[in-house]
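Below: one structure, written as structure tokens.
Throughout, read-outs are computed from the coordinates displayed, never taken from laboratory work. Remember, it's a predicted structure, so these values are computed and weren't measured experimentally. All Cβ positions, glycine included, derive from the backbone under ideal geometry; neighbour counts span all protein chains shown.
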Amino acid sequence: MPRLEEIHANLIDRLAEAKEQGWLGEVAAIKTTIAAAAQKLEAMRTLAGQHTATDLGMPELRSALGRSCSSIRSVQSAGKSGPTLGPGSAYF
């Protein structure tokens, strides 16, 4: 926002110069640009005053792992262990 405020102030200076020099076309264009910059500044100030963070919550552990605890228990109760790497196996 500071950069847009700087641009807005610069436009006001340019408007004064254009009026002094009698550049009527430039005066009209700068006035249009000043109005657009002022509108943008107002929108930015309004948004800055609002709470914009979104609460995404905490994921459940089961969904984060991609399997449920019951499926892990069933594998353990069947006497099977998880995947193992044998000799010469690469783990990537």
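Observations on the model:
- Restricting attention to the range 39-64 and to residues that are touching a residue at least 24 places away in the same chain (Cβ under 8 Å) and among the basic types (Lys, Arg), the residue that is surrounded by the most Cβ atoms within 10 Å (Cβ to Cβ) turns out to be LYS40.
- Close pairs (8 angstrom Cβ cut-off, 6 or more residues apart or separate chains): loosely packed, with under 15 Cβ neighbours inside 10 Å in the range 24-38, of a type outside the set (A, V, I, L, M) anywhere: ALA38/HIS8
- Subset of the range 12-60 (residues that are in a loop (DSSP other than H, G, I, E, B) and acidic (Asp, Glu)): ASP55, GLU60
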